[in-house]
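**Student:** Handing you a structure now.
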Amino acid sequence: MTRPVYISLPETGSTNTWLKEHADEIPVPAVAVTDHQTSGRGQRGNTWEAEPGKNLTFSMLFKPEGVAPSGQFFISEAVCLGIVDTLRRYLPHPETVKVKWPNDVYAGDRKICGILIEHSLESASAIRHTIAGIGLNVNQKEFHSSAPNPVSMFNLTGKVTPLRPLLEQLVEAISANLEAPKEAIHDRYLETLWRGNGQHLFATPSGERFRASITGIAPAGALTLRRADGSETSYLFKEVQFIL
């Protein structure tokens, strides 16, 4: 991937929204980064808590090469692994940095990074461009939202991490993974899954709770779970969730 243009925004509602509104006016690839994101968006319609100037809130705009809409989950895998690869260089127990399906990054059992990926389609068979929004907890010491399990790099290391070098390392790692062979990225994603081994507790929107193990992830992102009785079911995002 060509080296991206960096766009610094002192304050904005959402870096994803800003890039979406300016996608036809700026070079691709591009990275929009802000010190203060006032309406950061997360998965499931959640907001993202980030103390101004303490964390990384940024979005990458790029055109995926050779990725069809039906195989778009590769992009999520590559972005997640770029973040995992970078954080493992910094954190004291790198083996505990994992990907929580579909695209959160955990350190142990605590969420350190949230990702929101949005695609613009050229046609049913081509992605026009992708925007990957990333919120990484870096130097924030305390969290006050209702999020159940946030953690920051500072909480884990006791050290302040300079933001700009970290941002550039993240972008470089994500870009490298986007150019890597799809099968290799998929295999690494499966190996890096949080709760990827053994049986764990899940829930459906109807309130059903059950124990199951992860047996696979489809190219479009569907998660296949095997219950204790041996039956297997595939779930799309929002059709099932982990119980923390």
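**Student:** Could you give me the ³J(HN,Hα) list for the range 135-146, computed from phi with Karplus coefficients 6.51, -1.76, 1.60 and θ = phi - 60°, whole Hz, x at Gly and Pro?
**Tutor:** In residue order, the calculated couplings are x, 10, 6, 10, 10, 6, 9, 9, 10, 10, 7, 7 Hz.
**Student:** In addition: How far, in nm, would the chain grow between residue 204 and residue 160 when pulled straight, counting 0.36 nm per residue and subtracting the alpha carbon separation?
**Tutor:** Contour length minus the Cα-Cα distance gives 11.9 nm.
**Student:** What list of ³J(HN,Hα) couplings, whole Hz, do you get for the range 149-157 from phi and the Karplus terms 6.51, -1.76, 1.60, once you set θ to phi - 60° and write x for glycine and proline?
**Tutor:** My calculation for the range 149-157 gives 8, x, 8, 10, 4, 4, 4, 8, 10 Hz in order.
**Student:** Using 0.36 nm per residue of separation minus the Cα-Cα distance, give me the extension gain between residue 9 and residue 197 in nm, one decimal.
**Tutor:** Computed gain between residue 9 and residue 197 is 63.6 nm.
**Student:** Please identify every one of the trypsin sites (Lys or Arg not before Pro) in the range 162-244 that sits in a loop by DSSP and has no more than 14 other beta carbons within 10 Å of its own beta carbon.
**Tutor:** Listed in order of number, the matching sites are 238.
**Student:** Restricting to the range 97-178, compute how many DSSP beta bridges are antiparallel as a %, nearest 5.
**Tutor:** 95 percent
**Student:** Moving on. Considering only 171, 153, 134, whose Cα is most displaced toward the positive end of the charge dipole of the range 104-173, charges sitting on Cβ of Lys, Arg (+1) and Asp, Glu (-1)?
**Tutor:** 153
**Student:** Scanning the chain for helices, which whole DSSP H stretches are 20 Å or more long along the axis (Cα) and average 0.0 or more by Kyte-Doolittle?
**Tutor:** For the chain, where a helix must reach 20 Å along its axis and average at least 0.0, the hits are 73-90, 163-178.
**Student:** Over 31 Å between Cα atoms: which of 63/141; 20/159; 63/238; 159/238 fall into that group?
**Tutor:** Exceeds cut-off: 63/141; 20/159; 159/238.
**Student:** Can you pull out the GluC sites (Glu not before Pro) in the range 62-109 that DSSP calls coil and that have at most 10 other Cβ atoms within 10 Å?
**Tutor:** 65
**Student:** Spelling out what I want: for every residue of the range 112-121, take phi, set θ = phi - 60°, compute 6.51 cos²θ - 1.76 cosθ + 1.60 (Karplus), and round to whole Hz; glycine and proline get x.
**Tutor:** With coefficients 6.51, -1.76 and 1.60, one gets 10, 8, x, 9, 10, 10, 10, 10, 10, 8 Hz.
**Student:** Per residue, what accessible area does the chain have, given a 1.4 Å probe and all protein chains present, in Å²?
**Tutor:** 47 Å²
The values are calculated or read from the model by the stated rules, or taken from the named source; none is laboratory data. Since the model is a prediction, treat every value here as computed from it, not as a measurement. Cβ coordinates were reconstructed from backbone atoms using ideal geometry, including for glycine residues, and neighbour counts include every protein chain displayed. Protein only, heavy atoms only, side chains kept; ligands, DNA and RNA dropped before computing areas. Shrake-Rupley method; radii C 1.70, N 1.55, O 1.52, S 1.80 Å.
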